[in-house]
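Student: My structure is below; once you've seen it, I'll send some questions.
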Protein chains: 2
Amino acid sequence: MMDFPLTLNWLRHRVQREFGATEVVTRRPDGRVLTHTYRDIALRGTLLAQRLIQAGLRPGERVATLMWNHHAHLEAYLGVPAAGGVLHTLNHRLSQDDLVYIMNHAGDRMLLIDDTLLSLYEALKDRLPMLEQVVVFNFSGAGCPEGYADHDSWISQTDAALALPEIAENDAASLCYTGGSTGRPKGVLYSHRALVMHAFCQAMVDGYGVGRADTVLGVVPMFHGNGWGLPFSAILTGARLVLPGPRVDADSLLELIEAYGVTLSAGVPTVWLKLVNALEKKSPSWRPARRLRIVTGGAAPPESLFARLARFGIDLRQGWGMTETASVITLSAPDDPGASESALADEDRNWRYRQGKPMPIVDVRIATDGRELPADGVSAGEVQVRGVCVTDSYYAQHLPERWTDDGWLRTGDIGTRDAHGNLQILERTEDMIKSGGEWIIPQELENAILDYPGIQECTVIAVPHDKWGERPVALVVEARGAALDTAALLRHLAGRFAKWQLPDAVLALPEIPRTAVGKVARRELRRTYAHLLGATH
Amino acid sequence: MMDFPLTLNWLRHRVQREFGATEVVTRRPDGRVLTHTYRDIALRGTLLAQRLIQAGLRPGERVATLMWNHHAHLEAYLGVPAAGGVLHTLNHRLSQDDLVYIMNHAGDRMLLIDDTLLSLYEALKDRLPMLEQVVVFNFSGAGCPEGYADHDSWISQTDAALALPEIAENDAASLCYTGGSTGRPKGVLYSHRALVMHAFCQAMVDGYGVGRADTVLGVVPMFHGNGWGLPFSAILTGARLVLPGPRVDADSLLELIEAYGVTLSAGVPTVWLKLVNALEKKSPSWRPARRLRIVTGGAAPPESLFARLARFGIDLRQGWGMTETASVITLSAPDDPGASESALADEDRNWRYRQGKPMPIVDVRIATDGRELPADGVSAGEVQVRGVCVTDSYYAQHLPERWTDDGWLRTGDIGTRDAHGNLQILERTEDMIKSGGEWIIPQELENAILDYPGIQECTVIAVPHDKWGERPVALVVEARGAALDTAALLRHLAGRFAKWQLPDAVLALPEIPRTAVGKVARRELRRTYAHLLGATH
């Protein structure tokens, strides 16, 4: 067979050749919409690649982006790897300390940045001694600020005859740092091969099912886990892509869904909670023009979200993955694939509440003490994974303890698999609550509390306790106008849990603090409430 | 990222782990049905691999099969490559001379054969000096004939502790010889990588769409172009597989479709022509229990077949590929992917009559004299392809003229591409008719003739002519009871074609002779009728 490497270059070539006329829609911060074609994107990606090489990019060198979801970021997705570089997407919601650490650790010499994020760079620049070139994309439409290279002019100053390097499929194409829930952020390099194969999985009927007929709304930030892969799978399949820029509030997303007949999106549960809240309040009879599928991940969605979205004809699926696995690598799917949708609605829908079945480029197991546990839905142990898009190391950091002796990644998550192959993530090891030697699973309490009227958000954390070691405490956000009766809430829970599993306290907060990647800031909460139950250590 | 090779071993591991309980149904020649699970298939594949190694199989060595579509053949699909061997599927419909040539050219030392095909081997065996081991699969149920190793006993005599070799994804997994329409049959080696990536393409929404919810009827002979890939894509996705053995007549296929709720199949047009004939005659109100998609290829189907099958709720798509491309590499799909099926029915359905759009592991171009022609639907040239599943050489045969200087396979087919990306195969170069310096395309005449009432099959060939060089002659098979009026047929054609394009003669035959792979035997027909028009050379 021919030596035909699976690279992003091949995807760039293909999208230009086969889907050149298909649209990529970008919404600017001012709400105005820009339309490009994949031909534009591919050609501008090539220009960017040539310009980077001309500017001195070395093979394998990182090029940082501080950008929202828009066409120029998509061009960087293709153009930086085409130059032999590594696209280093930066999360602008991280703390300044983390950003400085990450950029210096990655050795970023070049930065592509939106004009609307420039103040962030200016606050950091004195601490970034390696950074040499800053190119500003005029996303606001206000024009490039004085003293910076303007992205569009910069990429036009290329030698169009400059040949791009040969790329091998195992070459690194992009780099992302973990959110850093424990310790310093860690970098993960993604190969061309991993990203392309991940896109193939998403295009499978049993994956996201991305196809040429789809209009994909790219809600997951492109600085976060490769936008969960959707930009690449849209390019692979020629799906139309809608990039919302910074506006991902419910009303803005609904406008785009309606205007472009969106059929597929992905994002953290909070986004879809807000969307369904808005629909229920304002448009109870709303229906999408075409079938709308949504993949959610990053945190377990409340179980009620599935039924609430289903009432609007929206099909919600769960995915699970982590920075170390390129993006989502399991996806929920019916246990009986032959059952019709209507039959499914009446049946036990346990599969919806689990994190799904592994994509065919990864292998998932539950293990404890080096021994694989049975797939019985009960035996809980560490989730371990291996596969095409699973990293075997961290970038410039030696942490061999994160892999088993036989080469599986230790995810640090606790979970089960059931006989249908569904993975269920119970909790991160560090988030489980150990009370009197027994485990309490925060998520189960959270789901029950969210069922109670007037509760909008809920997080259950472990709080130190002198006698029991740890005890659960529930932190809740009330719906506007609700007057929470905590005693009644506890009575509601008492019907479902053993007495020792009930929270010792229920605290109402105005909001639940979250990390830069949108997850509940559990470590911070544990620190804040460490002495709530009077523990002396 | 981890080094995680894409091999059939991975598929075997995965199907056992994730879809172990899913059924593989085999129909024996006596009509009885055997049911296995993928777990059985994978385990027996492993036993076969161990037994082959124990029997002295060397890495990369070919193991021949002369088998119908059944579970033991599927086990060999997985087991031979797992042993580091190369599965060499033999087409038992080839001439004895071709079979002897192929087996000796491939150096087959071991043969797995159905008891029902044993007489074929016995007729050849004196001319197969290299063959050492013949293992007979008792497919008929009559018991293994005296003097041969019985497949089931043979694979049970293994050392279960025997470790299987490490396989690299570029290692050869299978070998298939071309039908040999010109010259000697030529062998094509398929790598693990090519077969796995092909399966991924088939599992894509825009591919065959094979998924876990499917029940796949494996009609394409497994000795022919990897059964067009369906065995591997069913294994990749965990689709249920129904293997019909030797019975692929319309009634037998309908029985299986009904009994198992088949949702997907593939096969040459003749199979589906017979099926629709049977349905129209016997069950005009028949409908499949679940949505039924069929992929056809190997020859252009008559245009009327699409509408005839659609009346029974069967969706027919065209694929195109060749031995040199592992199997189907283009697949027809609507030009406007957003259009609903009902809208499509009313629209210009030209896309249905073309050979489709390339899968995302291949690149297709139309070229003449080293220059790529525009995708305008008109400019005809040689179809050239490259990609993951396209061969760069023939097995033990040096034919560099089959590739262009820049590395594309020259298919020898003439075709066009239109602005929607549809490939249209006009004809093999050698099948076009050159009359008075102008080209006549046999397929266009054939389609028009098939529209005429009472015509069941039709082939138009070139016949030598002293004045014009070549002239078209139509060979037709009449429907039972039809009394063909050839003058009326010619009048029907006169409305659609220029006078010089009309056939010089219309001959009715009892049947159209076909080659061993089911294609019209055009070369043979050209020889038979070489002097029909009185040409003197």
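Student: Ordering A:ASP126, A:ASP405 by accessible area with a probe of 1.4 Å, largest first, what comes out?
Tutor: A:ASP405, A:ASP126
Student: Now a separate question. Post the alpha-carbon centroid distance, the range A:436-485 to the range A:412-435, in whole angstrom.
Tutor: Value for the Cα centre distance between the two parts: 18 Å.
Student: Continuing with the same structure: Magnitude of the Cβ-charge dipole of the range B:422-537, K/R +1 and D/E -1, about the Cα centre, nearest 20 debye?
Tutor: In total the dipole reaches around 160 debye.
Student: Hey, with R₀ at 45 Å, roughly what FRET efficiency would B:ASP30 and B:ARG371 work out to, going by the Cβ-Cβ distance, to 0.05?
Tutor: Efficiency at R0 = 45 Å is approximately 0.20.
Student: In addition: Compute the distribution of all C-alpha to C-alpha distances in the range B:363-478, in bins of 10 Å from 0, and list the percent of pairs in each, rounded to whole numbers.
Tutor: 13, 33, 31, 20, 3
Student: So for the protein assembly as shown, taking the charge dipole from beta-carbon charges (+1 Lys/Arg, -1 Asp/Glu), which of A:GLY245, B:ALA259, A:PRO269 sits furthest toward the positive end?
Tutor: Toward the positive end, the furthest listed residue is B:ALA259.
Student: Quick one: how many Å² of A:SER140 are accessible to a 1.4 Å probe, rounded to 10?
Tutor: Around 40 Å² of this residue is reachable by solvent.
Student: Taking a probe of 1.4 angstrom, what is the accessible area of A:SER283 in Å², to the nearest 10?
Tutor: Spelled out: A:SER283, probe radius 1.4 Å, area about 40 Å².
Student: Per residue, how big is the convex hull around the C-alpha atoms of the range A:179-269? Give it to me in cubic angstrom, could you?
Tutor: Output value, Cα hull per residue: 114 Å³.
Student: Near A:LYS499, which lysines are there with a Cα under 17 Å away, not counting those fewer than 8 places off in the same chain?
Tutor: A:LYS434, A:LYS467
Student: Here's another thing I want to ask about it. Given H placed on each backbone N at 1.01 Å, which residues far from A:TYR394 in sequence or on other chains put an amide H within less than 5 Å of it?
Tutor: Amide H to amide H, under 5 Å and 5 or more residues apart or across chains, A:TYR394 pairs with A:LEU399.
Student: Still on this structure, I have one more. Quick one: if the Förster radius is 22 Å, what FRET efficiency do A:ALA278 and A:ALA479 give, using the C-beta to C-beta distance and rounding to 0.05?
Tutor: 0.95
Student: What whole-number value in Å² describes the accessible area per residue of the range A:488-537 for a 1.4 Å probe?
Tutor: Here the per-residue accessible area is 61 Å².
Student: Using the crude model of +1 on Lys and Arg Cβ and -1 on Asp and Glu Cβ, and no other charge, please compute the dipole size for the protein assembly as shown relative to its Cα centre, in debye to 20.
Tutor: 1020
Student: Of the options B:GLY412, A:ILE329, A:VAL220, report the single residue whose Cα projects farthest towards the positive end of the charge dipole of the protein assembly as shown (beta-carbon charges: Lys, Arg +1; Asp, Glu -1).
Tutor: Looking along the dipole axis, the top candidate is A:VAL220.
Student: For chain B, go through all pairs of different Cα atoms, get the mean of 1/r, take its inverse, and jot down that Kirkwood value in Å.
Tutor: 24.3
Student: Which semi-axis lengths, in whole Å and largest first, follow from the square roots of five times the eigenvalues of the Cα gyration tensor of the range B:80-163?
Tutor: The answer is 22, 18, 11 Å, longest axis first.
Student: Which value in nm describes the separation of the simple spin-label points at B:LEU490 and B:ALA310, placed 7 Å from the Cα toward the beta carbon?
Tutor: Result for the modelled spin labels: 3.4 nm.
Student: For the protein assembly as shown, what proportion of DSSP beta bridges, expressed in % and rounded to the nearest 5, is antiparallel?
Tutor: Given both bridge residues lie in the protein assembly as shown, the antiparallel proportion sits at roughly 55 percent.
Student: Over the alpha-carbon set of the range A:213-320, work out the extent along each principal axis and list the three values in angstrom, largest first.
Tutor: 35, 29, 23
Student: Using amide H atoms built 1.01 Å from N in the peptide plane, name the residues 5+ places from B:LEU292, or on other chains, whose amide H lies under 5 Å from its own.
Tutor: Sorted by chain and number, the residues that satisfy this are B:ASP315.
Student: Which whole-Hz couplings ³J(HN,Hα) result when phi for each residue of the range B:408-423 is put into the Karplus expression 6.51 cos²θ - 1.76 cosθ + 1.60, θ = phi - 60°, listed in order with x for Gly and Pro?
Tutor: Going residue by residue, I get 9, 6, 8, 6, x, 8, 9, x, 10, 10, 9, 5, 8, x, 6, 7 Hz, with x marking Gly and Pro.
Student: Separate question: How much of A:GLU444 can a 1.4 Å solvent probe reach, expressed as accessible area in Å² and rounded to 10?
Tutor: Accessible surface of A:GLU444 is approximately 100 Å².
Student: Next up: What number do you get for the range B:1-151 when its Cα radius of gyration is normalised by 2.2 N^0.38 Å, N = residues?
Tutor: Normalised by 2.2 N^0.38 Å, the Cα Rg of the range B:1-151 equals 1.07.
Student: Further, regarding this structure: Which whole number gives the average, over all residues in B:2-15, of C-beta atoms from other chains lying within 10 Å of the residue C-beta?
Tutor: 4
Student: Which whole-angstrom value gives the distance between the alpha carbon centres of the range A:147-218 and the range A:251-322?
Tutor: After rounding, the separation between the Cα centres reads 25 Å.
Student: How far apart, in nanometres, would the label points at A:ARG287 and A:GLU303 be if each is projected 7 angstrom from Cα along the Cα-to-Cβ direction?
Tutor: Placing both labels 7 Å along Cα→Cβ, they lie 2.9 nm apart.
Student: By per-residue mean of other Cβ atoms within 10 Å, what is the highest-first order of B:287-300, B:44-57?
Tutor: Ranking the peptides B:287-300, B:44-57 by packing returns B:44-57, B:287-300.
Student: Additional query: Give the Kirkwood hydrodynamic radius (Å, one decimal) of the protein assembly as shown, defined as one over the mean of 1/r across all pairs of different Cα atoms.
Tutor: Computed over the protein assembly as shown, the radius equals 31.5 Å.
Student: Moving on. I'd like the mean, over residues of B:256-262, of how many other protein chain beta carbons sit within 10 Å of each residue's own Cβ.
Tutor: 0
Student: Same structure, new question: Using θ = phi - 60° and the Karplus curve 6.51 cos²θ - 1.76 cosθ + 1.60, what whole-Hz ³J(HN,Hα) does each residue of the range B:315-331 get, with Gly and Pro shown as x?
Tutor: Each residue of the range B:315-331 in turn: 8, 9, 10, 9, x, 9, x, 8, 3, 5, 10, 6, 4, 4, 10, 10, 9 Hz.
Student: Taking θ as phi - 60°, what are the ³J(HN,Hα) couplings along the range B:210-220 by the Karplus curve (6.51, -1.76, 1.60), each to the nearest whole Hz, with x for Gly and Pro?
Tutor: Listing the rounded values in order: 5, x, 4, 7, 7, 10, 9, 9, x, 7, 4 Hz.
Student: Just from its helices, what would the mean residue ellipticity at 222 nm be for chain A, if runs of 4 or more DSSP H residues each count -39500 (n - 2.57) and the sum is divided by every residue, rounded to the nearest 500 deg cm²/dmol?
Tutor: The helix-only estimate for chain A comes to -8000 deg cm²/dmol at 222 nm.
Student: Something else about it: Could you point to the residue in B:LEU164, B:PRO129, B:LEU450 farthest towards the positive end of the protein assembly as shown's charge dipole, with +1 and -1 charges on the Cβ of Lys/Arg and Asp/Glu respectively?
Tutor: B:LEU450
Student: Follow-up question, since we're still on this one. How many partner chain Cβ atoms sit within 10 Å of a residue's Cβ in peptide B:231-239, on average, as a whole number?
Tutor: 2
Student: Explain nothing, just the number: dipole magnitude of chain A about its Cα centre with +1 on each Lys and Arg Cβ and -1 on each Asp and Glu Cβ, in debye rounded to the nearest 20.
Tutor: Dipole of chain A, to the nearest 20 debye: 600 debye.
Student: Which far-off residues, 5 or more places away or on another chain, put their amide H under 5 Å from the one on A:VAL477, with H placed in the peptide plane?
Tutor: Answer set, sorted by chain and number: A:GLN456, A:GLU457, A:CYS458, A:LEU509.
The values are calculated or read from the model by the stated rules, or taken from the named source; none is laboratory data. Computed from a predicted model, the values in this text were never measured in an experiment. Glycine also receives a Cβ, built like all others from the backbone with ideal geometry; neighbour counts cover every protein chain displayed. Ligands, DNA and RNA are excluded from the accessible area calculation, which covers all protein heavy atoms including side chains. Shrake-Rupley method; radii C 1.70, N 1.55, O 1.52, S 1.80 Å.
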